[in-house]
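Trainee: My structure is below; once you've seen it, I'll send some questions.
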Amino acid sequence: MIMEPWRNRPNNEIVRKVVNELGASLQGHPLAEQARYRMQKWNDPRAKLERKRKRTNAVLTFWLIVISMLGTLAVLGFTGVLGTWAAVTGAVGAAVPAVLAVRSGFKLRELKADKVRLELAPPPPPRPPLPAHISSARVPMEKLHGAEDTMTQLLVQLDSPALTSMPTESVQHARQTAQEASRAIRAVSAQLQAVERARDTAPHLERASLVEGVRVLRTQLADGVDRYCALVAEAGNALAASTQFQNPGEVLDDATDHMAGLASAMRDVSGYSAY
C-alpha cells in the first residue's frame, strides 16, 4: 500500500512545521500579544515578590488565629471556667504556632525590605518582542528572556542587607554589565532576522551566501545565550556561597568580568555600540 507522502516524515518534523505555521499566523495577533503581556507581568520580579508577601501574610494570619483560640482556651482553664486540662492544652498548644508565627513575621519583614529595594532599583529597560516563530532566533531569545528573569532575581537576593559580605557596588556593576550583554546579544538577533528576511526574498541562485550567513549568525547567537546562562549560574554560585565559608563577592566579580568579556565579544560580532 502506498502511504501518503506526509506520513513518511518524522513526527517531530511534522509537529515543528505545524507549530511554526501556527506561530507565524499568530504573530502580532491581539490575543497572542495579550497572552505574552500577561506572561511577562506574571514573571515580573515585583509581581512574584507581591505573591510571596500575600502568601506569607496569610500564613501569619492563620497562626495568629490559632494562637488566639488556644490562648482563649488557656485563659478559660486558668480562670476555672474549664478544667485544668484546658489550661495545659491551651498553653502548650500555643507554643508551636507562636514559634511559626514569629518565623512568618520575620519572613514578612524580609519581603517588605526586598520590596522597598526593588522599588528603589532602576527598572530594567523594556524588552523588545520575541522573534517570529519561523525565525531561527526565536528559541535562543526565549532562552535569553528566562535567563534575564533569573539573573534579575539573583541580583535582588545578592543585594539583600543580610549579605554583608557582598558590596553594593559589585551588584550594581553586575546588573549594568548583564544589561549590556543582553543588548549586544539582541543586536546579533536583529542581524540574524534581517539576513533571514533577505534570504527569503533573494533569488534562488543568490541565496547560498545568505544561507551561510544565517547559519553563522545563528551559531554565534546560540553561543552567546549559552554563555549568558553560564554567567547566571555563576551568580547563583555567588548566592549559594553567601551561606557558606566562601567569598560571594569574589565569585560575583569573576562572573562580572566574564560577562563584560561576553558583551565585548558580541559587540564585535554585531557592530553594536552602547555609546
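Trainee: Are any residues in the stretch 75-108 touching a residue at least 12 places away in the same chain (Cβ under 8 Å) and basic (Lys, Arg), and if so, which ones?
Mentor: 107 - this is the single residue of the stretch 75-108 that is touching a residue at least 12 places away in the same chain (Cβ under 8 Å) and basic (Lys, Arg).
Trainee: Something else now. Against the definition (closer than 30 Å to residue 234 by Cα, surrounded by 13 or more Cβ atoms within 10 Å (Cβ to Cβ) and of a type outside the set (Phe, Trp, Tyr)), how does residue 56 come out, yes or no?
Mentor: Values: closer than 30 Å to residue 234 by Cα: yes; surrounded by 13 or more Cβ atoms within 10 Å (Cβ to Cβ): yes; of a type outside the set (Phe, Trp, Tyr): yes.
For residue 56, the condition - closer than 30 Å to residue 234 by Cα, surrounded by 13 or more Cβ atoms within 10 Å (Cβ to Cβ) and of a type outside the set (Phe, Trp, Tyr) - is met.
Trainee: Something else about it: So which residues in the stretch 194-208 are in a helix (DSSP H, G or I), in contact with a helix residue (DSSP H, G or I) (Cβ under 9 Å, 6 or more places away or on another chain) and not acidic (Asp, Glu), if there are any at all?
Mentor: Of everything in the stretch 194-208, those that are in a helix (DSSP H, G or I), in contact with a helix residue (DSSP H, G or I) (Cβ under 9 Å, 6 or more places away or on another chain) and not acidic (Asp, Glu) turn out to be 195, 198, 199.
Trainee: Let me ask something else. What's the number of the only condition in (1) open to solvent by 60 Å² or more (accessible area, probe 1.4 Å); (2) within 23 Å of residue 49 (Cα to Cα) that residue 156 fails to meet?
Mentor: Residue 156 satisfies every listed condition except (1).
Trainee: Filtering the stretch 174-217 down to residues that are open to solvent by 70 Å² or more (accessible area, probe 1.4 Å) and closer than 25 Å to residue 126 by Cβ, which residue is farthest from the chain's Cα centre (by Cα)?
Mentor: Taking the stretch 174-217 and keeping what is open to solvent by 70 Å² or more (accessible area, probe 1.4 Å), we get 176, 183, 197, 200-201, 203-206, 208-209, 211-212, 215.
Still in the running and closer than 25 Å to residue 126 by Cβ: 176, 183, 197.
Numbers: 176: 16, 183: 17, 197: 30 Å.
Checking each candidate, the answer is 197.
Trainee: Let me ask something else about it. On the basis of being buried (at least 19 other Cβ atoms within 10 Å of the Cβ) and in the same structural domain as residue 238 (by the TED database), does residue 222 make the cut? Give the steps one after another, and end with the answer.
Mentor: Values: buried (at least 19 other Cβ atoms within 10 Å of the Cβ): no; in the same structural domain as residue 238 (by the TED database): yes.
So residue 222 does not fit the description; no.
Trainee: I've got another one for you. Taking interchain pairs and intrachain pairs at least six residues apart, which have beta carbon atoms under 8 angstrom, with the first residue in the stretch 61-73 and not assigned by the TED database to the domain that holds residue 92 and the second loosely packed, with under 13 Cβ neighbours inside 10 Å and at pLDDT below 85?
Mentor: That search, which allows pairs on different chains as well, returns nothing.
Trainee: Specify the residue that is nearest to the chain's Cα centre (by Cα); the eligible residues are those in the stretch 87-107 that are crowded, with 17+ Cβ neighbours inside 10 Å and closer than 14 Å to residue 66 by Cβ.
Mentor: For the stretch 87-107, the residue satisfying everything is 104.
The values are calculated or read from the model by the stated rules, or taken from the named source; none is laboratory data. A quick note: this is a predicted structure, and the numbers were derived from the prediction, not measured. For neighbour counting, all protein chains shown are included, and Cβ atoms are generated from backbone atoms with ideal geometry for every residue, glycine included. These accessible areas exclude ligands, DNA and RNA; they are computed on the full protein's heavy atoms, side chains included. Shrake-Rupley method; radii C 1.70, N 1.55, O 1.52, S 1.80 Å.
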